[in-house]
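Just below is one structure, and these are the notes that go with it.
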Amino acid sequence: MHDFASPIPLTIPRWLRTLLLGILGICGVAYFIVLAEHISPYASSSDSSGYFNNARLLGRGDFFTPIRALPEHSATQFGNGAFQPLGFEVQSENERMAPTYPIGLPLHLLVVSWFVGWGHAAIAVNLLAVLASGGFFWGLARQLDLPVIWAGVGVFWLWVCPLFLFSALQPMSDLLALAWSLAVLYGALRARDEWRWGLACGFALGFAVLVRPTNALLLAPVLVGVGFRWKSLLAIALAGLPAAIIFTFYNWRVYGSPFMTGYGDISAIFGPTFMRHNLAHFAYWIPALLSPAIVPAFFPPFFPQTRTRGCATLAVWFLTLTGFYTFYYHAGETWWYLRFILPGFPGLIFIALASLSAAVQSLRLRAAFTASVATGVLLIAACWEIKKAHDFEIMTLARGEKNYPDAAHWAQKNIPANSAIFCMQVSGAFFYYSDFLLVRWDMIEPAQHDTLLRIIAEQKRPVYAALFEFETPRALEKIGGRWTKLTTIGQVTFWQRQS
């Protein structure tokens, strides 16, 4: 018996357990088929294009990319960001650009692209991350002696969560951050009994931080899970050292300091001012996204089965992560910004299931009835979450993201190669899919605006704009001149400037 978990015994007839697990297995296969058909493989908005652009740079052995600027003119003459696509930052002293996002996901995309190509890299990475998330959740649940049926319920509860699906259907780091954090927690709890598991835990911790630097907060639950097992702690430190070297070297090489990231100075959007709003936001949206069945996780642990080191480890991870992001402005903007605390959701699900399982067992019900209760919990959570996913139109994400490459390909076929395209929202995707001169209409230095347009005219470059609806009025007004609407590709409208 592990000293960090009390057993939760439950005897279910073999035939019933086989039947339920068979049903879950069939549902799992169907889930992956549907998921594979709906994952967006495209470089699209800021995040996804940023990760793809960085992955392509790493594939070339580069950390930087030249700025596509006007020939014979400084790249920063018209403002530091005038030619800066989303997902990059201009380093004016060297007149080059560096990616702003961490290298963890780009490294995954790069490695997987060697086997399946760039067009399928995001699909493969996300499917593997979904599988790993379910596998490590199952492993944690069984390691902490949660019955098989309840463990299966937990996997599907997590998989059907609208926020999980939102992250699984596009190339973003949230899903990988969750998968690696589960690997860290699983390794930490195993390392308490066997120090060699500390090597796996440290390796996973290193990659978790490469994917998202704030995953360094995993040190808190790791210390709770491992305890004062010095061999295990040393193994964790040694195994995490290679990733730490990569992390600090990359930051030093690209951003000038081992501890500086591409996010730059976030002090203006990080502080106690946002705490009250964010806590209320989390309190509303966590049950809304995970269903009201998650409520037992928020009550004090009334049962011995939940007063364990394992549950404490998972609770510390959720509280540490959530507590950190309560100070972050963007975490409270809308429901899908809870993706920052998504890696803590599995711990919350596990504690809720452990509480429910213990409550059912305390009533000394028949095993078949207990299995029915577990199935009922899954149905309630799944129906609630599927309804939310439908309301948020999550399964249509790939269709919307396809607008970006479609618009870039239309531009390549219909716009002269020497054109200057004013844009903002599509700038990262157009940088990935095309070689056009891209001008950020929102980043031009006002005093240099007329000079920029004059030089573009002198170089006989046609002027176009590729804009989303929300930016069109302001962009056309700021650029000035007479515009002719050419076409609309999905959500992207193309304009040609006449004068």
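Check ILE415, ILE479, ILE421 and return the single one that is open to solvent by less than 20 Å² (accessible area, probe 1.4 Å), aliphatic (A, V, I, L, M) and more than 30 Å from HIS120 (Cβ to Cβ).
The match here is ILE479.
Within region 114-134, does at least one residue satisfy the condition of being open to solvent by 20 Å² or more (accessible area, probe 1.4 Å), closer than 29 Å to THR18 by Cβ and touching a helix residue (DSSP H, G or I) at 6+ places or on another chain (Cβ under 7 Å)?
yes
Which of the residues spanning region 221-258 are under 22 Å from the mean Cα position of the chain (by Cα) and closer than 20 Å to LEU189 by Cα?
Residues satisfying the conditions are PRO221, VAL222, GLY240.
Could you please find all residues in region 258-294 being loosely packed, with under 14 Cβ neighbours inside 10 Å, under 25 Å from CYS161 (Cβ atoms) and free of Cβ contacts under 8 Å to residues at least 60 places away in the same chain?
If the condition is that a residue be loosely packed, with under 14 Cβ neighbours inside 10 Å, under 25 Å from CYS161 (Cβ atoms) and free of Cβ contacts under 8 Å to residues at least 60 places away in the same chain, then ALA280, ALA283, TYR284 are the ones that fit.
If you scan region 401-455, which residues turn out to be farther than 30 Å from ALA168 by Cβ and in contact with a Gly (Cβ under 7 Å, 6 or more places away or on another chain)?
ARG440, MET443, ILE444, GLU445, GLN448
Among residues belonging to region 68-98 that are within 14 Å of GLU445 (Cα to Cα) and under 29 Å from the mean Cα position of the chain (by Cα), point out the one that is surrounded by the fewest Cβ atoms within 10 Å (Cβ to Cβ).
Out of the qualifying residues, it is ASN80.
Hey, does region 192-199 have a residue that's at pLDDT 95 or above and open to solvent by less than 30 Å² (accessible area, probe 1.4 Å)?
yes
Which members of region 48-62 meet the condition of being under 22 Å from the mean Cα position of the chain (by Cα) and either within 18 Å of GLN91 (Cβ to Cβ) or open to solvent by 30 Å² or more (accessible area, probe 1.4 Å) (or both)?
GLY50, ASN53, ASN54, ARG56, LEU57, LEU58, GLY59
Of the numbered conditions (1) touching a Phe, Trp or Tyr at 6+ places or on another chain (Cβ under 9 Å); (2) part of a loop (DSSP other than H, G, I, E, B); (3) not basic (Lys, Arg), PHE228 fails exactly one; give the number of that condition.
Of (1) touching a Phe, Trp or Tyr at 6+ places or on another chain (Cβ under 9 Å); (2) part of a loop (DSSP other than H, G, I, E, B); (3) not basic (Lys, Arg), only one is false for PHE228: (1).
Only one of ALA374, ALA382, ALA408, ALA352 is modelled with pLDDT of 95 or more and buried (at least 16 other Cβ atoms within 10 Å of the Cβ); which?
Among ALA374, ALA382, ALA408, ALA352, only ALA408 is modelled with pLDDT of 95 or more and buried (at least 16 other Cβ atoms within 10 Å of the Cβ).
When both residues are 6+ apart or on different chains and their Cβ atoms are under 8 Å apart, which pairs have a first residue that lies in region 242-256 and is within 17 Å of TYR101 (Cβ to Cβ), and a second that is hydroxyl-bearing (Ser, Thr, Tyr) and outside any helix (DSSP H, G or I)?
That search, which allows pairs on different chains as well, returns ASN251/SER257; ASN251/THR261; TYR255/THR261.
For residues that are outside any helix (DSSP H, G or I) and within 30 Å of ARG307 (Cβ to Cβ), scanning just region 144-174, find the one that is most open to solvent (accessible area, probe 1.4 Å).
Only one residue tops the list, namely ASP145.
For the structure I just gave you, tell me whether PRO171 is within 18 Å of the chain's Cα centre (by Cα), farther than 21 Å from THR214 by Cα and not aromatic (Phe, Trp, Tyr).
No: the conditions fail for PRO171.
Can we say LEU109 is in a loop (DSSP other than H, G, I, E, B) and either open to solvent by less than 10 Å² (accessible area, probe 1.4 Å) or more than 30 Å from ALA288 (Cβ to Cβ) (or both)?
No: the conditions fail for LEU109.
Look at region 259-309 and say how many of its residues are over 26 Å from ILE349 (Cβ atoms) and at pLDDT below 90.
11
Of all residues in region 220-236 being in contact (Cβ under 8 Å) with a residue 12 or more places away in the chain and among the hydrophobic types (A, V, I, L, M, F, W, C), which is surrounded by the most Cβ atoms within 10 Å (Cβ to Cβ)?
Here the residue is ILE236.
Being small (Gly, Ala, Ser) and touching a strand residue (DSSP E or B) at 6+ places or on another chain (Cβ under 7 Å) narrows it down to one of GLY227, GLY262, so name that one.
Just one listed residue meets the conditions, GLY262.
Can you name the residue in region 433-445 that is under 18 Å from GLU477 (Cβ atoms) and either in contact with a helix residue (DSSP H, G or I) (Cβ under 9 Å, 6 or more places away or on another chain) or hydroxyl-bearing (Ser, Thr, Tyr) (or both) and is also modelled with the lowest pLDDT among such residues?
Per the criteria, the residue is GLU445.
Is it the case, given these coordinates, that ALA243 is at pLDDT below 95 and buried (at least 17 other Cβ atoms within 10 Å of the Cβ)?
no
Taking region 485-496 as the region of interest, how many residues are under 13 Å from PHE422 (Cβ atoms) and either of a type in the set (S, T, N, Q) or modelled with pLDDT under 95 (or both)?
Looking only at that region, the number is 2.
One residue is enough: does region 448-471 have a residue meeting the conditions among the charged types (D, E, K, R), assigned to a helix (DSSP H, G or I), within 30 Å of the chain's Cα centre (by Cα) and surrounded by 12 or more Cβ atoms within 10 Å (Cβ to Cβ)?
Within region 448-471, not a single residue is among the charged types (D, E, K, R), assigned to a helix (DSSP H, G or I), within 30 Å of the chain's Cα centre (by Cα) and surrounded by 12 or more Cβ atoms within 10 Å (Cβ to Cβ).
Only residues in region 479-497 that are at positive phi count as the first member; pair them with residues that are assigned to a loop (DSSP other than H, G, I, E, B), Cβ under 8 angstrom, at least 6 apart or cross-chain, and list the lot.
Once the first residue is at positive phi and sits in region 479-497, its partners that are assigned to a loop (DSSP other than H, G, I, E, B) give GLY481/GLN498; GLY481/SER499; GLY490/LYS402.
The values are calculated or read from the model by the stated rules, or taken from the named source; none is laboratory data. What you see is a predicted model; the values in this text were computed from it and never measured. No Cβ is skipped: glycine too gets one built from the backbone with ideal geometry, and neighbour counts run over all protein chains shown. Ligands, DNA and RNA are stripped out before the accessible areas are found, and what is left, the full protein with its side chains, is counted by its heavy atoms. Shrake-Rupley method; radii C 1.70, N 1.55, O 1.52, S 1.80 Å.
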